[in-house]
Structures are given as C-alpha cells and as structure tokens.
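I have placed the structure first, in the form of structure tokens, so that the comments after it can refer back to it.
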Amino acid sequence: MTIGALLAEQGVVILDGGLATELEGRGFRLSDELWSARLLRDDPGAIREVHRAYVEAGADCVITASYQATLERLPAELLRLSVTLAREANPRIVAASVGPYGATRADGSEYTGAYDLDERGLRGQHAPRLHVLKESGADLLACETIPSYPEARALASLLEGAPAWFSFSCRDGERLSDGTPIETCARHLDGIPEVVAIGVNCTPPRFVESLVARIRAVTGKPIVAYPNSGEHWDALRRSWTGTRDPGEFAEMALRWRDAGATILGGCCRTGPAHIRALRARLLP
C-alpha cells in the first residue's frame, strides 16, 4: 500500500516507535557500531517480534532495521531480510530505513552533519545500499535522521523512481543539524516527484510544531514527524532525565497534526505504549 492511499483512507498514518529502544527494553545490548542492525545477523526473530509489537499497538507503518546497516558491514541478503522481517509483522506499509552517513560512522555526526565527504562522496557512499533496498520489496524508503542539506540532495539524486520520505534531525525549531533552514530543504525536495513526504525525526518534541509549520509553508506534500520521547541524555550521570509519558507525547502530537503533520510516530525512547496512545488520540 502507498502512503498516499492510506492517508486518503484514514487521514493520518501512524508510524512505529524506537526499534532499538524496545530491543534494549527486552534485554539486548546494542552498544556496538551496528546497533540494532546486529540482530539481523544474530537474532532476527527478536526484530520481527518488536515489529509485531508495534503493529499490535496500532502502527500502520513499520520501519526496517536497516538504519545502520551498510554493505561494508553486512551482506545484501541481510538488508533484504530486514524488509522480510518487517513484512512478516503484517503492517499495512513497510518503509526501508536509510540512515545517514553519520550513523555508519557511529560517531554522532548524524546530529551535526560534520562530514568528511562532499555531496559527490555521499552519493557514492549511499548508492550501493539504496540499490539493494529499492529492490527489496519495501513499499518506500525512509531516508531518516538526515542532518545536512548536501546529504539530502545526494540521497534524492539516487531515488530513480523509488518513492521515499525524507526526515531530518534538527538543532532547533528552524534548522537542520548542520544549520540549514528547514525551508531550504523542503523547497528542494518539493520539486522531486519520488519524494512522497518531508519532515523531521530524532529531534526533541518541543521543536516539532515550529518545524512542521515551516515545512508546510513551502510544500504541499504530506509531512512526517516522529521525534524522540522528550527525555534528555545526561552524559555526566549516564542516564536519561525528563518524561517519556505516552499520554503527554500523544497530546503533543495533536499540535504537530494541527500544524500540518499527517504521518506521525516516535523515535528514540518511545515504545509501543507511545504508539498505542498516539493512535487512540489521533484516530479515536
């Protein structure tokens, strides 16, 4: 099924929540460079069960475990397996995750866009994985947590007929992590037919309403929003602070919807309870 068809049917599409968050909650240690993608090799059934938990919580769309997977680290068959596992959970839509170059570096640069590659280099970096995922049977690509305008341009140039959404990591209510105004990115992507939605993810919820409004001002495409829970990582204490209350998250989502977002879910530190609350609030 397409995003557009489901939006026409019910007005809002509910995404899943954090894959790694739920896996860690089930006891898996994901501290290596492959993060949750390691389980594509070591315990694929665990990934399938988390996808299923999100579908049972009300997610229409499941995002695959390929965010941090590259052909340098995992064989192509495991990237294709990520789509199969998501499909086996029986969602209405499967989105194949395409994480940023920063995720493959595992150095936090997906939150800064401070890369050692230019746009041409980024195209070369992304092309092999995109080729596999475009042929994987997913309904669309989820180019997510993109921190830089050059990376967005590089990814968009590789779509070649494959539908995709683009969601950005942002430093505040106006700009991507690399400082580019969100309107600049949305305006560029608005002219690319394969781009089916534009938005933000892995960003604090307090910034989402403003970012969505700015995107809406320059495009008529659907807007996707799946921020983090709202908690903050305290590096000194090595612990999370703040609230991750599912009901509060769902209440905030009403403002994102009113600002123009129609594809909504959660990212880091959100779980099935957040998605259940989100669906109950948005599709009562």
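The values are calculated or read from the model by the stated rules, or taken from the named source; none is laboratory data. Keep in mind that this is a model prediction, so the values were computed, not measured. Using ideal geometry, Cβ is built from the backbone for each residue, glycine included, and neighbour counts are taken over all protein chains shown.
Every listed requirement among (1) closer than 24 Å to residue 215 by Cβ; (2) outside any loop (DSSP other than H, G, I, E, B); (3) in contact with a strand residue (DSSP E or B) (Cβ under 9 Å, 6 or more places away or on another chain); (4) of a type outside the set (Gly, Ala, Ser) is met by residue 129 save one, (1).
Residues in the stretch 98-126 that are assigned to a helix (DSSP H, G or I) and among the hydroxyl-bearing types (Ser, Thr, Tyr) were compared, and the one that is surrounded by the fewest Cβ atoms within 10 Å (Cβ to Cβ) is 111. When 76, 57, 65 are checked against the criterion of being surrounded by fewer than 24 Cβ atoms within 10 Å (Cβ to Cβ) and either within 16 Å of residue 13 (Cβ to Cβ) or under 16 Å from the mean Cα position of the chain (by Cα) (or both), a single residue qualifies: 57. With respect to the conditions (1) at pLDDT 95 or above; (2) part of a helix (DSSP H, G or I); (3) touching a helix residue (DSSP H, G or I) at 6+ places or on another chain (Cβ under 6 Å), residue 52 falls short on a single one, namely (3). Residue selection: residue 142 satisfies the criterion of being modelled with pLDDT of 95 or more, under 27 Å from residue 14 (Cα atoms), touching a Phe, Trp or Tyr at 6+ places or on another chain (Cβ under 7 Å) and among the small types (Gly, Ala, Ser). If I filter the stretch 80-96 for residues that are of a type outside the set (Val, Ile, Thr), part of a strand (DSSP E or B) and either free of Cβ contacts under 8 Å to residues at least 60 places away in the same chain or under 21 Å from residue 129 (Cα atoms) (or both), do I get at least one hit? Looking through the stretch 80-96, at least one residue is of a type outside the set (Val, Ile, Thr), part of a strand (DSSP E or B) and either free of Cβ contacts under 8 Å to residues at least 60 places away in the same chain or under 21 Å from residue 129 (Cα atoms) (or both). It is to be established whether one or more residues within the stretch 169-192 are of a type outside the set (Ser, Thr, Tyr), buried (at least 19 other Cβ atoms within 10 Å of the Cβ) and within 14 Å of residue 95 (Cα to Cα). For the stretch 169-192, residues of a type outside the set (Ser, Thr, Tyr), buried (at least 19 other Cβ atoms within 10 Å of the Cβ) and within 14 Å of residue 95 (Cα to Cα): absent. Residues that are of a type in the set (Gly, Ala, Ser) and either over 26 Å from residue 99 (Cβ atoms) or more than 16 Å from the chain's Cα centre (by Cα) (or both) within the stretch 254-284 comprise 259, 260, 273, 277, 280, listed in sequence order. Residue 234 fulfils the conditions (1) at pLDDT below 95; (2) closer than 22 Å to residue 57 by Cα except for a single criterion, (2). Just one of the listed residues (200, 218) is under 24 Å from residue 100 (Cβ atoms), surrounded by fewer than 19 Cβ atoms within 10 Å (Cβ to Cβ) and in contact with a helix residue (DSSP H, G or I) (Cβ under 6 Å, 6 or more places away or on another chain), namely 218.
Among all positions in the stretch 205-213, there is no residue which is without any contact (Cβ under 8 Å) to a residue 40 or more places away in the chain, closer than 19 Å to residue 155 by Cβ and of a type outside the set (Gly, Ala, Ser).
Of the residues in the stretch 268-284, at least one is without any contact (Cβ under 8 Å) to a residue 12 or more places away in the chain and not in a helix (DSSP H, G or I).
Looking across 99, 45, one residue alone is among the small types (Gly, Ala, Ser) and either within 30 Å of residue 256 (Cα to Cα) or touching a residue at least 12 places away in the same chain (Cβ under 8 Å) (or both). It is 99.
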